[in-house]
C-alpha cells in the first residue's frame, strides 16, 4: 500500500503541508519499510482546479490513502471517486503522521473540510516560515468558534491558523520570528481573510437570489 502525504519538504522529517491541492511537495510513502518518493507539486501555482489535478495525480501514483491538513470539495470528490481514503486535520512531521496512521489513530473522512480555492495566495507565507505551516489545528478551532456559519468559520479559521509563523505549532521547535516578520505575516493574513470574507458574502448573495 502507498500513502500520499502533502509535504512542505522532500523528506520524512518535513511537516505535513496544510494545503492538499497547492502543497509544495507530495511524499508517496510505503508504510511497511518507510521508503518514499518525493515529488514537486506542479499544481501548486494553478489559479483554479489545483485540487482536481492533484487528486488525479495522486490516483495515478497508485496511492490508497492521502494524509493532509485540509482538502476542498473538488479534491475530496476526485479522491473519493478514485477510491482513496482521505485523512484531514493532520499536522506535524510526516514520519510521525505515518506512525499515527499505522497505530490506527487517524480516521478517513469523505467530506471536504475547507471551501473551494483554499490556499490561494498563501504560498509566500508558507514558504517563508522556517518550519512550514504552523498552528493549523488552532486555526480550525478559531474558525469554528466564531459562530459565523459553517463555511465562513472554517475558511477564516483555516486562514488564521495557516498564517501563524514562527513555530507555534505543537511539533515545532523553531524560535519565534522577529516582530517585523510577524507584522508582515499578520497583514498578509488580514488581506487573505478579507478576500475570503468577500468571496463568502458574494456566494451568499448569489444563493439568496
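A short reminder: the numbers here are calculations on the coordinates, not readings from a lab. On a predicted model such as this, the values are computed, not experimentally measured, just so you know. Every residue, glycine as well, gets a Cβ built from its backbone with ideal geometry; the counts of neighbours run over all protein chains shown.
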Exercise. How are the Cα pair distances of the stretch 3-102 distributed, in percent, across 5 Å bins from 0?
Worked result: 3, 16, 29, 28, 18, 6, 1, 0
Exercise. So, in nm, how far is label residue 46 from label residue 208 when the simple model puts each one 7 Å beyond its Cα toward the Cβ?
Worked result: 3.3 nm
For this session: Highest first, please rank the peptides 25-34, 68-77 by the mean number of other Cβ atoms sitting within 10 Å of their residues.
Result: 68-77, 25-34
Problem set entry | Protection-proxy order for peptides 78-91, 5-18, each taking the mean of Cβ atoms within 10 Å per residue, highest first | 5-18, 78-91
Exercise. Points 7 angstrom from Cα along the Cβ direction at residue 197 and residue 100: gap in nanometres?
Worked result: 3.1 nm
Exercise. R0 = 41 Å: FRET efficiency of residue 56 with residue 190, Cβ-based, nearest 0.05?
Worked result: 0.75
